[in-house]
1. How many residues, within the range 30-60, are out of contact with any strand residue (DSSP E or B) (no Cβ under 6 Å at 6 or more places or on another chain) and more than 21 Å from residue 74 (Cβ to Cβ)?
2. Of the conditions (1) more than 13 Å from the chain's Cα centre (by Cα); (2) under 17 Å from residue 122 (Cα atoms), residue 61 satisfies every one except a single condition; which number is it?
3. Hey, among 72, 78, which residue is under 15 Å from residue 34 (Cα atoms) and free of Cβ contacts under 8 Å to residues at least 60 places away in the same chain?
4. Given the range 1-118, what strands (runs of 3 or more DSSP E) lie entirely inside it while holding 3 or more residues that are surrounded by fewer than 15 Cβ atoms within 10 Å (Cβ to Cβ)?
C-alpha cells in the first residue's frame, strides 16, 4: 500500500503534481494507493488528471480491476464524486470543501501506464460554492472548446 498526503499551509506551495507508482512506466499489480488532500479554511481542492492510462476494457467502470476513485471528503467512506477507468486526458475534479481523498486500485494482470495529475488549493469565493448545483457533490469538467466525442463521454462515469 502507498499513501500520500498533501496539506495546504503558509509554508507549502498551493499547487503541485502527483503520480501513480512508477509513472510513466507500468504500475505494479495488486497495489492500492491513497492520496489525501487537506486544504485550509475557505479553500478547496482542484485536481486535473492530465493523463489517465489504465488497463483497457469494457466501457463500464463497475467491475474493473484497475480504477481511480475520487471522494469528496477525508476517506473512502465519503461520497464518491468520480470514478475513472480506461484512458483520458485533462479530466478535472473540484471538491466542495477542504478535504479530498483519491484511491488508486490496481488488481489486473495487465497493468497500464497509470496517471499523471496536478492539484491546486484554491480559495472559495463567498457564495460561489456550488450555488448553481445545490444537490450535487463536487464538480467535474473537461475543459474543451468543442463537444466531447462519444468515446470521451463513454469511458468515464460518475457514481452517485
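Just so it is clear, none of the values below were taken in a lab; they were calculated from the coordinates. As the structure is a computational prediction, the values presented were derived from the model and not from experiment. Cβ: placed from backbone, ideal geometry, glycine included. Neighbour counts: every protein chain shown.
1. So the answer is 6.
2. Residue 61 satisfies every listed condition except (2).
3. After ruling out the rest, the residue left standing is 78.
4. 2-7, 15-19
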